[in-house]
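The values are calculated or read from the model by the stated rules, or taken from the named source; none is laboratory data. Here the structure is a predicted model, which means the values were calculated and not measured. All Cβ positions, even for glycine, are placed from backbone atoms using ideal geometry, and neighbour counts span all protein chains on display. Surface accessibility is based on the protein's heavy atoms, side chains included, excluding ligands, DNA and RNA. Shrake-Rupley method; radii C 1.70, N 1.55, O 1.52, S 1.80 Å.
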Amino acid sequence: MSRDSAAPEVRIRDLTVVYNTPAGELPAVSHVSLTLTPGTITGVVGESGSGKSTLALSLLNAVQPPGRIAEGSVEIDGLGDVLRLDGEDLRRTRGRKVGYVFQAAQNSLNPLKTIGKQLLDLGRSHDVEDLRALVADAKALLSRMGLDGARVLDSHQHELSGGMRQRVGIMLALVLNAQVVVLDEPTTALDMITQATILRIIREVHEERALTTLVITHDVGAVAEVADDLAVMYGGRVVEHGPIAEVLGAPRHPYTQGLIRAIPRLSGDISLARALPGRPPTLGTLPAAGCVFRERCEKRMEICETVEPATATYDGRSVACHAAGRPAPVKRREYA
Amino acid sequence: MITGTAITKTFKQRGNVLGKREVPALRGVDFAIKKGGAVSFIGESGCGKTTLGRIIAGLETYDSGEIVIDDVAMSGLSHRHRQPYFRRIQLIHQDPYSALNPTRTIHQTLEAPLRLRARQTGRPRSWVDARAEELLSLVGIDPGYVLPRYPHQLSGGMRQRVVIARALTMDPEVLVADEAVSMIDVSLRLGILGLLRDLRERLGVSVLFITHDIATARYIGDEGELYVIYRGQVVERGSTETIIADPVHPYTQSLLSAIPVLHGLERPGAEQVVPTEALDEAQADEGCLFTRRCPFSTARCEAERPVLGHDGGEGGEDTEQLHACFHPRSRSVIPQGVRA
Ligand SMILES: Nc1ncnc2c1ncn2[C@@H]1O[C@H](COP(=O)(O)OP(=O)(O)OP(=O)(O)O)[C@@H](O)[C@H]1O
Ligand SMILES: Nc1ncnc2c1ncn2[C@@H]1O[C@H](COP(=O)(O)OP(=O)(O)OP(=O)(O)O)[C@@H](O)[C@H]1O
Ligand code: SF4
Ligand SMILES: [Mg+2]
Ligand SMILES: [Mg+2]
């Protein structure tokens with residue numbers, strides 16, 4: 001087997017990304033370490049502002065001012081540290097080695113060119129020799145996602161619905177055969193049936209091509225369906241990370257527990273679901289010391305006020321919480 | 001009480017290659033919203049939910065049918081005389097980020113409609129500020145904190161509460177909440193749903209709840225009624241709990257089957273239904289509107305259009321809910337809880 005055909009590992013180490021604000025440089029991603037196991041889909045969930053998109057941009061070394069990657073590394077097998085790439089090397093990496101759909105991709109297509117024209121531009125900029133094959137691949141991907149490929153390639157952006165544009169974005173992320181794929185909110189604003197179809201296709205293509213995939217969403221349900229591993233972000237930290245069934249089935253971090261308890265459910269007693277008290281932090285309201293979640297935490301102790309919890313491993317899962325040593329699974333009677 | 005009978009609406013779109021295209025958004029829909037009741041509309045994108053919500057709020061015209069508000073038929077009234085009726089129905093915008101004017105403080109945002117309301121009801125100016133505080137407390141936020149602030153200084157959940165408070169300035173009898181929680185963080189959604197439930201219980205306001213996320217419909221309080229809409233037709237209608245637990249229409253079953261399973265907490269329903277094709281609005285209109293995508297379609301389904309009723313079909317038993325299907329059958333489609 002050639003090196004290329006094995007899915008690469010992605011190792012994010014001690015990554016800190018800051019934004020320059022009137023109050024000075026504030027971290028949107030703070031000392032994050034996360035390993036994406038080769039060939040898996042990792043889901044990242046968290047509230048608005050928790051740093052998910054900033055993390056995604058870092059994987060492509062694409063953080064824009066006023067943002068800046070302050071420290072850390074993002075090692076991808078076969079590519080080295082992406083944060084050290086620049087110029088032409090970086091341009092070639094994006095799309096070809098690391099495919100991506102950024103958040104709000106529906107609005108990022110060029111309004112003046114047909115989708116087909118944009119596809120050819122993309123192919124040429126990456127020196128694709130067989131442009132016919134590229135178009136054929138694109139059509140095949142689109143038709144798998146329930147679209148008429150020929151029609152879509154002939155269309156301008158404004159002739160497509162939001163859901164169609166979202167699928168075009170996913171096609172563009174996959175069509176150059178990148179081995180690492182980053183999808184930021186790929187199914188937001190889609191209805192359930194379309195979402196289910198797209199998630200199934202992401203999973204299928206991921207398996208066929210032996211990819212390493214990162215799917216970012218604020219909707220736990222959407223990742224629960226496709227991901228192998230789940231990383232939960234809060235206030236710029238990854239507070240819990242592990243196999244999805246374990247993180248959802250027996251969450252250890254009080255934030256993960258609260259998040260799961262807050263999901264409206266189709267069955268069971270509705271009084272068991274509860275909103276998480278308080279509100280999501282912003283860069284300006286994050287506490288400078290101690291645990292970032294403490295103000296909304298049911299389990300907080302004195303130490304949480306002053307000491308930021310280190311990430312520790314408990315049965316194959318990493319958790320950053322002073323109280324994590326004492327597991328307390330979400331208690332919902334219908335599962336007991 | 002608001003009722004609608006046989007409401008139809010067709011949009012004429014400027015088509016692309018095919019020339020003018022007519023989009024039947026509503027094909028003869030009946031509805032009834034009781035005082036203090038909760039009615040939810042669910043269905044795929046483009047099925048007509050927003051159009052129906054806007055018609056009910058008096059913001060969109062309809063081609064035929066009749067709307068009756070408190071025993072008064074709207075067709076008999078001039079535009080001007082209809083206004084007081086539709087003012088009792090207020091729409092909550094889906095996007096709490098664009099619904100509020102960013103250049104105005106929350107105080108200014110609430111003051112304008114409250115002044116109007118004070119004039120309409122002959123109340124003194126002094127009432128306006130007191131009422132603003134009262135409404136913000138009612139929607140569960142601290143007036144002292146929120147009033148002087150601008151929208152960008154508030155979280156999504158707070159903004160949506162402000163949007164609801166603004167809708168309440170007109171003392172509405174019905175709140176139309178079109179995807180009112182979809183843009184809000186999961187952790188805060190239940191708070192807004194609980195607020196809608198509270199407003200029903202405390203003020204007797206009715207809620208018309210439009211959503212993609214069917215599970216949320218369970219959280220707006222007891223005795224909720226669910227309407228499942230497909231291509232402009234109501235295909236299943238009944239108590240929210242009954243339909244979610246025991247849907248009989250194959251379309252409802254495919255909607256419920258598409259809801260993601262929370263692995264580790266749930267396993268998929270045993271009899272999930274997956275449509276055989278993607279939605280194509282240009283599909284032929286003969287027979288059952290769902291026939292081309294339905295795994296259970298028969299020759300009869302291709303020839304005739306089923307109408308909403310309780311009929312259990314050949315060999316079947318009559319159903320509790322209304323449905324428009326020749327072969328209704330309950331199937332276990334929703335995720336089931338597992339031991340943790
Ligand atoms: N260009 C910018 N300038 C200043 N602050 C920014 C900028 N972009 C992001 N931030 C801040 O960084 C933090 C993380 O933002 P990010 O977009 O990564 O969050 P997210 O988890 O993707 O949120 P969402 O779910 O809303 O997409 C937020 O507090 C945000 O306000
Ligand atoms: N102003 C308009 N002009 C032309 N067509 C319209 C207009 N408004 C709605 N439509 C069409 O009418 C149909 C119903 O649209 P509507 O917005 O009611 O759907 P919806 O169920 O609310 O969908 P979504 O879940 O995406 O919000 C769609 O086919 C839509 O394209
Ligand atoms: S009437 Fe026939 S085609 Fe329509 S939903 Fe029922 S079984 Fe399917
Ligand atoms: Mg984001
Ligand atoms: Mg709508």
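General remarks:
- Efficiency of FRET between B:D95 and B:Y145 - r from beta-carbon atoms, R0 22 angstrom, step 0.05: 0.45
- A 1.4 Å probe run over the protein chains yields, for the range A:106-177, 48 Å² of accessible area per residue, whole-number rounding.
- Spin-label model distance (nm) - B:T276 vs B:V338, 7 Å beyond Cα toward Cβ: 3.1 nm
- Three-way shape label, the range B:154-275, alpha-carbon gyration tensor, a/c 1.5: prolate
- Inter-chain Cβ neighbour average for residues B:178-186, partner chain, 10 Å: 4
- Largest to smallest in accessible area, the residues A:K299, A:K52 fall in the order A:K299, A:K52 (1.4 Å probe, all protein chains included).
- Within the range A:76-191, the proportion of Cα pairs with more than 22 Å between them is 32 percent.
- Taking the average, over residues, of other Cβ atoms within 10 Å as the packing measure, peptides B:49-55, A:214-220, B:77-83 rank A:214-220, B:49-55, B:77-83 from highest down.
- Counts of other chain beta carbons within 10 angstrom of each beta carbon in peptide A:267-278 average 5.
- For the range B:86-150 and the range B:230-299, distance of Cα centres in Å: 40 Å
- Peptides B:122-130, B:246-254, ordered by how many other C-beta atoms sit within 10 Å of their residues on average, highest first, read B:246-254, B:122-130.
- Entries in B:K9/B:K35; A:K97/A:K117; A:K117/B:K49; A:K52/A:K97; A:K52/B:K49; A:K52/B:K9 that, when Cα-Cα distance is taken, lie over 30 Å: A:K117/B:K49; A:K52/B:K49; A:K52/B:K9
- Inverse of mean 1/r across different Cα pairs in chain A, Kirkwood, Å: 21.0 Å
- Restricting attention to chain A, close to 60% of DSSP beta bridges with both partner residues there are antiparallel.
- The range A:244-262 and the range A:1-62 have Cα centres separated by 21 Å.
- Springs between Cα atoms under 10 Å define the GNM used for chain B, and in it the highest mean-square fluctuation of B:A245, B:A167, B:A57 occurs at B:A245.
- When you count the other C-beta atoms within 10 angstrom of each residue and take the mean per peptide, B:236-242, A:269-275, B:267-273 line up highest first as B:236-242, B:267-273, A:269-275.
- On chain B, 48 percent of the accessible area sits on carbon and sulfur atoms, based on a 1.4 Å probe.
- Only protein heavy atoms count here; on that basis, with a 1.4 Å probe, B:H107 has an accessible area of about 50 Å².
- Neighbourhood net charge (11 Å Cβ-Cβ; Lys/Arg +1, Asp/Glu -1) for A:A231: +1
- Rounded percent of accessible protein surface that carbon and sulfur make up, the range A:252-335, 1.4 Å probe: 53 percent
- Portion, in percent, of the accessible area of the range A:1-114 that falls on carbon or sulfur, probe 1.4 Å: 49 percent
- Prolate/oblate/rounded call for the protein assembly as shown, Cα gyration tensor, a/c under 1.5 rounded: oblate
- B versus A: buried accessible surface, summed, Å² (probe 1.4 Å, to nearest 100): 3700 Å²
- The residue among A:C321, A:P277, A:C297 whose Cα reaches farthest toward the positive pole of the charge dipole of chain A, with charges on the beta-carbon of Lys, Arg, Asp and Glu, is A:P277.
- The Stokes-Einstein estimate for the range B:103-170, based on a Kirkwood radius over Cα pairs and taken at 20 °C with 1.002 mPa s viscosity, is a diffusion coefficient of 181 µm²/s.
- Helix-only mean residue ellipticity at 222 nm for the protein assembly as shown, each DSSP H run of n ≥ 4 adding -39500 (n - 2.57), per residue, nearest 500: -8500 deg cm²/dmol
- Rolling a 1.4 angstrom probe over the protein heavy atoms with all chains in place gives the range A:188-336 an accessible area of 39 Å² per residue.
- Model label zone, A:R124; criterion: amide N under 20 Å from point 7 Å along Cα-to-beta-carbon; scope the range A:174-193: A:175-177
- Distance between the pseudo-spin-label points of A:L131 and B:T61 (7 Å out from Cα toward the beta carbon): 4.9 nm.
- Per-pair calculated FRET efficiency, R0 = 25 Å: A:D14 and A:T313 via Cβ, rounded to 0.05: 0.90
- Partner shielding of A:182-195 amounts to 4, given as the average count of beta-carbon atoms from other chains within 10 Å of each residue beta-carbon.
- Think of each Lys and Arg Cβ as +1 and each Asp and Glu Cβ as -1; about the Cα centre, that makes the dipole of the range A:252-335 roughly 320 debye.
- Formal net charge of residues neighbouring B:F86 (Cβ-Cβ distance under 14 Å; K, R +1; D, E -1): +1
- Estimated FRET transfer efficiency (B:R300, A:K113; beta-carbon r; R0 60 Å; 0.05): 0.80
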